[in-house]
1. Considering only Gly195, Gln128, Ser56, whose Cα is most displaced toward the positive end of the charge dipole of the chain, charges sitting on Cβ of Lys, Arg (+1) and Asp, Glu (-1)?
2. Just to confirm a number: summing +1 for Lys and Arg and -1 for Asp and Glu over residues other than Asp161 whose beta-carbon lies under 13 angstrom from that of Asp161, what do you get?
3. Looking at the calculated P(r) for region 6-188, what percent of the C-alpha pair distances fall above 23 Å?
4. Dipole magnitude of region 41-96 about its Cα centre, charges +1 at Lys/Arg Cβ and -1 at Asp/Glu Cβ only, in debye to the nearest 20?
5. Amide H to amide H, which residues 5 or more places from Leu6 or on other chains are under 5 Å from it, using H placed in the peptide plane?
6. Size of the dipole of the chain about the Cα centre, Lys and Arg at +1 and Asp and Glu at -1 on the beta carbon, nothing else charged, in debye to 20?
7. Going highest first, how would you order 57-68, 151-162, 3-14 by mean Cβ packing within 10 Å?
8. To make sure I understand, if each residue's beta carbon is the centre and we count other beta carbons within 10 Å, what order do Val87, Val166, Val55 fall in, fewest to most?
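Any read-out appearing in this document is the output of simple, stated calculations on the displayed coordinates, not a laboratory observation. The structure displayed is predicted, hence computed values, not measured ones. Because the Cβ atoms are built from the backbone with ideal geometry, glycine has one as well, and the counts that use them run over all protein chains shown.
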Amino acid sequence: MTSGKLFILSAPSGAGKTTLLKRVMADLPGLAFSVSHTTRLPRKGELEGIDYHFVSRDRFKIMRDQGQFLEWAEVHGNFYGTSRLAVLAQLAQGLDVILDIDVQGAAILRKSAVIPAASLFIAPPSVQELERRLRGRGTDSEETILLRLQNARVEMEAALDYEYLVINADLEQAIETLRAIIIAERSRGHRLPTGQPIEILSEP
């Protein structure tokens, strides 16, 4: 079986990454989402094992010290990490794995080159639009919004370190761009848009 491809996605909070991923993953077969471990509390509607694996700080540190994470980082005061074994198992099944991580974790993975990956950055059209979206969610305190905006400015400076940059100004266009990138990467790996390997038969 052909091994899958790892896709690293990063975006400032509020850029619309979650919406984009849900739409593309519902449309394209052969995609799997890597469920990260985090020490933050679940938000309303988030489910254990689907959105994140929610663990205590002590448990996270044990897993980190045992080398169980491909990468880990502290973001907004909480720890986030990617399970090494889970990602390798999904890739071995021929699935393309979507890894939703911050710019710190993405830089670590690119530098280590443990697993070849395509890196994508999803950005809002402007910081002003990002602020409008964050405030429109109505889920964060003023302090949290200001912190997210401050971090977003730093994160967007790292956008040019990624292979692909998707500006989420128009949702449908951004969805089509993300979908096209995944299909193009599959084509580079001699695979069909569905993710299945291309078998070229020679004439007898």
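1. Result: Ser56, furthest along the dipole toward the positive end.
2. Here the count lands on -2.
3. Tail of P(r) above 23 Å: 41 percent of Cα pairs.
4. 160 debye
5. The list, which skips near neighbours in sequence, is Val97, Ala118.
6. That gives a dipole near 320 debye.
7. Values: 57-68: 13.0, 151-162: 15.4, 3-14: 23.1.
Highest to lowest by the protection proxy: 3-14, 151-162, 57-68.
8. Going from sparsest to densest Cβ surroundings: Val55, Val87, Val166.
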